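All of the numbers you see were taken from the coordinates with simple rules; none came from a lab. Bear in mind the structure is a predicted one, so any value in this text is a computation, not a measurement. Note: ideal-geometry Cβ built from the backbone for every residue, glycine included; neighbour counts use all protein chains shown.
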């Protein structure tokens with residue numbers, strides 16, 4: 001059994017593999033590298049076999065999406081730690097040593113993430129993860145270094161190690177046993193917010209999630225996506241409601257979901273006013289899908305504490321960001337940074 005298995009999920013991403021696989025192999029010699037191919041129709045598999053025979057290939061016959069693609073692939077990997085790594089990430093020297101040491105030294109930490117910065121502008125944090133994920137009491141996720149669409153420059157302000165609410169799925173280092181005990185990713189999420197759901201379930205089991213500021217990677221990510229992306233809008237709004245339904249304490253479940261639905265309606269109105277009717281309709285479809293599968297998701301509630309996790313922010317970041325115009329983590333949380341690992 002490997003100690004560390006890096007697993008890169010690929011779907012028609014030969015161009016990313018050509019660009020970023022060399023850095024992973026060069027800077028991850030303590031790990032075994034896998035590419036899990038999600039039914040690609042390009043030349044990805046032949047490219048890996050021809051140029052990087054040391055990379056192990058897991059061939060999945062069809063595109064299962066992010067969640068089920070990883071669930072199926074990781075069943076075929078025997079390791080102490082899984083490193084779930086996006087194909088569009090450039091890693092840096094020694095990027096694995098600090099997170100693995102953190103996990104080795106504390107069995108209560110189930111998962112952690114490195115610092116995620118923009119590949120295209122390496123002064124900036126990247127949208128998907130930045131310096132560790134948090135969430136407000138209404139289920140809106142944000143990061144140190146990124147609030148909604150605003151990202152901060154890296155001035156070494158987040159070079160610490162701290163407990164966080166969720167670690168990004170773009171570069172997630174997780175104990176294999178914890179991943180399995182939590183049931184892996186929820187396949188019905190397909191993609192988007194699946195790592196938040198997984199981390200919340202782990203926290204409900206008593207685990208901690210950590211950020212390791214001594215490790216740094218660079219992510220191409222979706223920062224250049226067009227302002228209208230109805231498919232992403234659908235998944236984010238649908239999965240955001242499912243996230244609450246699956247993980248909130250029962251006494252808070254219905255009032256908070258009701259408030260969240262009102263805010264979703266306001267978001268749909270904003271999309272209409274800004275000339276994006278397809279995104280507004282995507283929110284409607286997201287709610288219809290949530291209603292359709294709500295009983296299924298409700299049945300997946302298992303270990304739910306009576307109280308909210310300590311890393312859940314009690315303020316509304318929607319109010320603070322859009323009304324009070326607060327754009328940084330310290331502003332929206334009214335907290336000073338506190339290194340606690």
Query raised in the report: For the chain, rounded, prolate or oblate, judged on the Cα gyration tensor with a ≥ b ≥ c (square roots of eigenvalues), a/c < 1.5 rounded, else prolate if a/b > b/c?
Result: rounded
Query - 12 Å tail of the calculated P(r), region 297-336, as % of Cα pairs - result: 67 percent
**Report entry** Calculated FRET value between residue 258 and residue 106, using beta carbons and R₀ = 30 Å, to 0.05
**Finding:** 0.20
Query raised in the report: Once both labels are modelled 7 Å past Cα along the beta-carbon direction, what's the residue 42-residue 232 spacing in nm?
Result: 1.8 nm
Query - 0 to 90° range, to nearest 10: angle between helix 194-204 axis and the chain longest Cα axis - result: 80 degrees
Report task. Can you tell me the order of 253-260, 10-17, 168-175, 198-205 when each peptide is scored by its average per-residue count of other Cβ atoms within 10 angstrom, highest first? Result -> 168-175, 198-205, 10-17, 253-260
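Tell me the mean residue ellipticity at 222 nm calculated for the chain from its helices only (DSSP H runs of n ≥ 4, each -39500 (n - 2.57), averaged over every residue, nearest 500).
Result for the chain: -12000 deg cm²/dmol, rounded to the nearest 500.
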Query raised in the report: Please state the equivalent ellipsoid semi-axes for region 230-301: what are the square roots of 5 times the Cα gyration tensor eigenvalues, largest first, in whole Å?
Result: 23, 13, 8
Query raised in the report: Once you put a point 7 Å from the Cα of residue 19 and another 7 Å from the Cα of residue 331, both along the Cβ direction, what distance in nm separates them?
Result: 3.1 nm
Query raised in the report: Considering only DSSP beta bridges with both partners in the chain, what is the antiparallel share in %, to the nearest 5?
Result: 45 percent
Query raised in the report: In nm, to one decimal, how far is the residue 159 label point from the residue 251 one, both placed 7 Å along Cα→Cβ?
Result: 4.4 nm
Query - Alpha-carbon Debye profile of region 56-98, log10 I(q)/I(0) at 0.15, 0.27 Å⁻¹ - result: -0.49, -1.14
